[in-house]
Ligand code: MG
C-alpha cells in the first residue's frame, strides 16, 4: 500500500485521481486531501478516507473541526508533515498559479510529484526541476499531452531516465514533439462571432470535462500555449521542435516525430484517469482499464491551428523563446483576464488583447522565486490598468 497526498481533491483532477485509487483497490491510501474552499465536498471525501488529514488552502471562516489545516501556510505545513510520515507521492491537481507553492513544498520535502498543475512548470520550471534533481525527486507529468509525450519518449529512448528531460535526451534523431489540441468549442467560429461569445458558450467543451478556467483556456487556445511552454521546459526542448496540431476528437494525445519522418502517437479516450493512473504507478502500469477506443468507430481529423483567430498560441511561442519571467507574466495576465471574462467584465477577444499588451512590458530577469512572484503580481495589476483603458475606449 503506497500512501499519497491529493492536492485539489475536490476538483476534476482530484476526483479522477480518487477514482483511479478506487479502481485499484489495495494499492494506494490517501493520507492528505486538500481543497481550496469546498468544505462540504472535502468532508464528504474525508468520510471515505477517515485516516487522511484534511486541509483547506483558502480563507474559510468557522471551518469544522474535521479540517486539520487551514490557509496557505496550513497546506504547506500539511505537505511537510505528510513527507515526515513517509508519504512518497503528491498528486498536484490545484488549478492555476496557486499550485506552484505546494509543488515546490512537495519537492523540497523529497516527495515525487504527479503534476497536473502546468503553472508550476510554466512559471518556475527552472527552479522546480533543479530542486527535483537535487532532491532526487521525480516530476511525472499528468497533463494528458505531456503524459503521452513522456511515455513515447521513454518507449523510444530506452527509458534513459525517470525524468522528462532525461527521457528526451535519450531519444536520438527526434525531429519534433507534436501536441494535439481539441481546438475547443469555438474552432469553427469567425472572429466576429468570437467577439460575442459568452462564458456559458466557452464552458461547453466538446470533449473534455474540466474546471472553468482551463475550459476557457481551451476555447482561447491559451491552454495549448501554456502546454507549449510546459513542454519546452519539462522536456528541455527547443521551442521550434514543439508543434501544435488541432485534433477535435481528442483521441490522439500527442505524437513524436523522428528525422526520418516516422511518427509515433499515443491513443486513448479523452479520460484523465488514464494519465493519472500512469503517474501513480510510474514507472509501472496500473491494472484498471478505462476503456480503449474502438478504432473502427472513429474518424480522426487533424488541422493546423488558426493563429490569427487564436493569438494566445503564437504569443506563447514568443514567450517560450524569450523565457525569463515572460512565461510567468503570460500566465498571470491570462489568469486575471479569464477571471474578468468569466465575470462578464470583458469580452472573449479582450483576453488575448490584454495578455498581448501585458507582454509588451519588460519581463526580462532570472527565474528565481521572488522574481517570479513579483512578475506574477505586476502582470495582474497591469491587467487591471489595461482593463480600465479598454472601458474608456469603448
Ligand atoms: Mg492538456
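For the stretch 164-204, the Kirkwood estimate of the hydrodynamic radius, built from every pair of different alpha carbons, is 13.6 Å. Per-residue packing, averaged as other Cβ atoms within 10 Å, sorts the ranges 204-211, 172-179, 16-23 into the order 16-23, 172-179, 204-211, beginning with the highest. If you bin all the Cα-Cα distances of the chain at 10 Å, starting from zero, the percentages per bin are 5, 23, 34, 27, 10, 1, 0. Three principal axis extents describe the C-alpha atoms of the stretch 324-394; from largest down they are 37, 20, 16 Å. Note on the stretch 105-122 and the stretch 178-224: Cα centroid distance 27 Å, given to the nearest whole angstrom. Counting 0.36 nm for each residue step from residue 369 to residue 389 and taking away their Cα separation leaves a gain of 4.1 nm.
For the stretch 2-137, a Kirkwood hydrodynamic radius built from all Cα pairs, placed in the Stokes-Einstein relation at 10 °C and 1.306 mPa s, yields a translational diffusion coefficient of 109 µm²/s.
Give me Rg/Rg_expected for the stretch 165-249, where Rg uses Cα atoms only and Rg_expected = 2.2 N^0.38 Å with N residues.
1.27
For the options 137, 31, 60, a Gaussian network treatment of the chain with springs between C-alpha atoms closer than 10 Å singles out 60 as fluctuating the most. Size descriptor for the stretch 249-311, Kirkwood hydrodynamic radius: 14.3 Å (Cα pairs only, one decimal).
Considering only DSSP beta bridges where both residues belong to the chain, give the percentage that are antiparallel (nearest 5). Counting only bridges with both partners in the chain, antiparallel ones make up about 30 percent.
In whole angstrom, how far apart do the alpha carbon centroids of the stretch 225-265 and the stretch 322-359 sit? Taking the Cα centre of each part, the stretch 225-265 and the stretch 322-359 sit 24 Å apart. Between residue 191 and residue 155, the modelled label-to-label distance comes to 4.0 nm, taking each label 7 Å out from Cα in the direction of the beta carbon.
FRET efficiency for the pair residue 201 and residue 240, taken as 1/(1 + (r/R0)^6) with r the Cβ-Cβ distance and R0 = 35 Å, rounds to 0.55.
Coordinate-derived values only; no laboratory data. In this text the structure is predicted, and so the values were computed from the model without any measurement. In this analysis, Cβ positions are derived from the backbone assuming ideal geometry, glycine residues included, and neighbour counts consider all displayed protein chains.
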